[in-house]
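Peer 1: Okay, here's the structure, questions in a sec.
Computed from the coordinates by the stated procedures, all read-outs in this text should not be read as laboratory data. Since this is a predicted model, take the numbers as computed values, not measurements. Cβ: placed from backbone, ideal geometry, glycine included. Neighbour counts: every protein chain shown.
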Amino acid sequence: MQRIRTEFTDMLNVDVPIIGAPMFLISYADLAVAVSEAGGLGSVPLPNFRTTGDLAACLEDIRSRTSRPIGVNIHLSGKFPWKEQLALCLDAGVKFFLTSLGDPRLIIDDVHAQGGKVFADVVTFEQARKARDRGVDGLVAVASDAGGHAGRSPTIVLVPYLRAKLDLPVVAAGGISTGAQMAAALAIGACAVVVGTRLIATHESKALPAYKDAVVAAGPEDIVCTDKITGNPANWLKDSIRDFETRPEIGSKKWLDLWSAGKSVAQTDQIKSAGDVLREMVEDYRATCTRLMATLDE
Ligand SMILES: Cc1cc2nc3c(=O)[nH]c(=O)nc-3n(C[C@H](O)[C@H](O)[C@H](O)COP(=O)(O)O)c2cc1C
C-alpha cells in the first residue's frame with residue numbers, strides 16, 4: 001500500500017488516513033485487524049463487550065494477528081467500567097481513543113503517558129470547543145450523512161468550520177466511502193476520514209448477511225434520520241425501522257433488527273473484503289488527485 005501522508009498518519013504512525021469506524025455490533029477483531037493490516041487504523045467500540053474478560057479476549061485476538069496501531073471508542077459516561085477498559089487497552093498498546101459521552105480529561109494523561117492520542121466525537125461547534133478546552137488531541141466531526149448517531153451539518157461544511165474556528169486536527173466522519181470522497185475531505189481540511197457504512201458490507205463485519213445485502217441494495221433516499229430509536233438523531237435504513245414503535249420489546253436483541261447506515265450506501269454496491277475497500281479507496285484517491293492536477297495544466 002502506498003502511503004498518503006497527513007498530520008494524522010504522522011501522529012498515529014499509519015500508512016493511510018483512514019479509520020475503520022468503531023461500530024456497535026459490527027466492528028470486532030476481524031474488521032479491526034483487516035483495516036489495520038491494510039494500512040489504516042482499525043477500531044472497535046468498547047460497548048461491544050459485555051465484560052472486561054470479553055474485551056481482553058478481543059484485544060488478545062487482535063494482537064495475535066497484527067502489531068499495527070489500533071483504536072477504540074470509549075464511553076466515559078460512567079455506564080461502563082472505563083477504568084478497567086482503559087487499563088486493558090493501554091496494556092494491549094491501543095494508541096487511539098475516541099471518546100463519546102463523558103469527560104475526556106479522565107483518560108488524557110494516562111493515554112499520553114503511553115504515547116497515545118485522544119480524539120472526541122463531536123457534532124457541533126459547542127461540543128468541539130468544549131473538547132478542545134479539555135485538552136483532546138483532535139476532533140472527529142460527525143456529519144449529517146454519517147451512519148450511527150448523526151450530526152446536523154454536512155461534512156463539506158462542518159469540517160472546514162471546525163478547522164477554521166479551532167486549532168486542532170479534524171477527522172471527517174460521514175458519507176465517505178471512495179477515494180474521491182476522501183480527497184474532498186482532505187481538500188476541505190480533514191487530516192483523515194472515518195469509514196463506517198462502507199465497511200458494514202464487508203466479509204469481516206459482524207453485520208447479519210441480510211443487513212449487508214440491504215446496505216448494498218439501498219440508495220441514499222432509503223436512509224432516514226430520526227431520534228425516535230435511541231433518543232438522539234441517527235441514520236437508519238428506512239425499512240428496518242418501519243414498524244419500530246409497534247414492535248414488542250425484545251431486550252438488547254432488538255438492535256440486531258434495527259439497521260443503521262449512512263448516506264454512503266449510495267456508493268456501496270458489493271460485499272467485499274475490508275482490505276479491498278481500503279486499497280480501492282487509495283487507488284481512487286491517487287487517480288482523483290491526478291485528475292485534479294490536470295485541471296491546472298495550461
Ligand atoms: C451501525 C453503526 C454503528 C455505529 N456505532 C458507533 C459506535 O458504537 N461508536 C462510535 O463512535 N461510532 C459509531 N458509529 C459511527 C461511526 O463511527 C462513524 O462515525 C460513521 O459510520 C461514519 O460515517 P459513514 O457511516 O457515513 O461512513 C456507528 C455507525 C454505524 C453505521
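Peer 1: Across segment 188-198, in residue order, what do the Karplus-derived ³J(HN,Hα) couplings come to in whole Hz, using 6.51 cos²θ - 1.76 cosθ + 1.60 with θ = phi - 60° and x for Gly and Pro?
Peer 2: Once θ is set to phi - 60°, the couplings for segment 188-198 become 9, x, 6, 9, 5, 10, 9, 10, x, 3, 4 Hz.
Peer 1: Scale the Cα Rg of segment 149-214 by the rule-of-thumb value 2.2 N^0.38 Å and send over the ratio, two decimals.
Peer 2: On the way: Rg = 13.8 Å, N = 66, 2.2 N^0.38 = 10.8 Å.
Normalised Rg, Cα atoms only: 1.28.
Peer 1: So for each of 141-149, 208-216 I average, over its residues, the number of other beta carbons within 10 Å; can you give me the resulting order with the highest mean first? Intermediate results must be reported in sequence, preceding the final value.
Peer 2: Values: 141-149: 26.4, 208-216: 16.8.
Listed from highest to lowest mean packing, they are 141-149, 208-216.
Peer 1: Let me ask another. As a check on your grasp of the helix formula, calculate [θ] at 222 nm for the chain: sum -39500 (n - 2.57) over DSSP H runs of n ≥ 4, divide by the residue count, round to the nearest 500.
Peer 2: Details: 11 runs with 111 residues, N = 298.
Taken over the chain, the calculation gives -11000 deg cm²/dmol.
Peer 1: Counting only C-alpha contacts under 8 Å and six or more residues apart, can you give the relative contact order of the chain as a whole percent?
Peer 2: Values: 614 pairs, mean separation 50.2, N = 298.
Computed over the chain, the figure is 17 percent.
Peer 1: Same structure again: Order 100-110, 170-180, 84-94 from most to least packed using the mean count of other Cβ atoms within 10 Å.
Peer 2: 170-180, 84-94, 100-110
Peer 1: Give the relative contact order (percent, whole number) for segment 138-178; include only Cα pairs under 8 Å separated by 6+ residues.
Peer 2: Here the relative contact order equals 49 percent.
Peer 1: If you average the alpha carbon positions of segment 51-118 and of segment 28-44, how far apart do those two centres end up, in angstrom?
Peer 2: Their Cα centres are 15 Å away from one another.
Peer 1: Also, quick follow-up: Output the peptides 30-37, 194-201 sorted from most to least packed, where packing is the average of other Cβ atoms within 10 Å over each peptide's residues.
Peer 2: Order by mean packing, descending: 194-201, 30-37.
Peer 1: What share of the DSSP beta bridges in segment 7-294 is antiparallel, in percent to the nearest 5?
Peer 2: Percentage antiparallel, nearest 5: 20.
Peer 1: Out of 158, 229, 78, whose Cα points farthest toward the positive end of the dipole of the chain (charges: +1 Lys, Arg; -1 Asp, Glu; placed on Cβ)?
Peer 2: Final value for the positive-end residue is 78.
Peer 1: How big is the chain by Rg and Dmax over its Cα atoms, in Å?
Peer 2: Considering the chain through its Cα atoms, Rg and Dmax are 18.1, 65 Å.
Peer 1: Using alpha carbons only, how many angstrom separate the centre of segment 212-247 from the centre of segment 121-164?
Peer 2: Here the answer is 22 Å between Cα centres.
Peer 1: Let me ask something else about it. Relative to the compact-globule scaling 2.2 N^0.38 Å, provide the ratio for the alpha-carbon radius of gyration of segment 1-80.
Peer 2: Relative to the rule-of-thumb radius for its length, segment 1-80 sits at 1.11.
Peer 1: Taking the Cα centre of the chain as origin and charging only Cβ (+1 Lys, Arg; -1 Asp, Glu), how large is the dipole, in debye to the nearest 20?
Peer 2: I would put it at about 400 debye.
Peer 1: With the Cα gyration tensor of segment 176-288 giving a ≥ b ≥ c as the square roots of its eigenvalues, does the rule (a/c under 1.5 for rounded; else a/b larger than b/c for prolate; else oblate) give rounded, prolate or oblate? Kindly include the intermediate steps, with their values, before the conclusion.
Peer 2: Working: a/c = 2.52, a/b = 1.81, b/c = 1.39.
Here segment 176-288 falls in the prolate category.
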